[in-house]
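Remarks on the structure that follows.
Readers should treat all values here as calculations from the given coordinates under stated rules, not as data from a laboratory. Note that the structure is a prediction, hence the values are computed from the model and not measured. No Cβ is skipped: glycine too gets one built from the backbone with ideal geometry, and neighbour counts run over all protein chains shown.
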Amino acid sequence: MDDDELILDDEGRRVRSPRRRRRDDASDEVDVTCPWCFETMPLYVDPSSHGELVQDCDVCCHPWAITVSRSPEGALEVWIDRAQ
Ligand SMILES: [Zn+2]
């Protein structure tokens, strides 16, 4: 069952919505370095996430303050700082 969202173009053809991303699109995964233990690991950023969020390091469990920003082209930028 293909329940992907489909839209119609001007000539009535069914085309996939360009806003929909494949699950294996690697652009939402970035390598980050923990500001506490300095381990580098991949961080998956949910496509709906933006702004500031807090997540614990998988290695040392210290809290990260993560800032997520996206350019108009959809490029992902992530900053990580020590959360208080
Ligand atoms: Zn860590």
Ranking of D28, D56 by count of other Cβ atoms within 10 Å, fewest first: D56, D28
The range 41-52 - phi-based ³J(HN,Hα) in whole Hz, Karplus 6.51/-1.76/1.60, Gly and Pro as x: 8, x, 10, 8, 9, 4, x, 8, 7, 7, x, 9
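Which of the GluC sites (Glu not before Pro) found in the range 24-84 are in a DSSP loop and have at most 13 neighbouring Cβ atoms, other than their own, within 10 Å?
E39, E73
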Under the Debye formula (equal points on every Cα, no solvent term), log10 I(q)/I(0) of the range 22-82 at q = 0.13 Å⁻¹: -0.33
Which residues' amide hydrogens lie under 5 Å from the amide hydrogen of L43, considering only partners 5 or more residues apart or on another chain, with H built in the peptide plane? V30, D31, V32
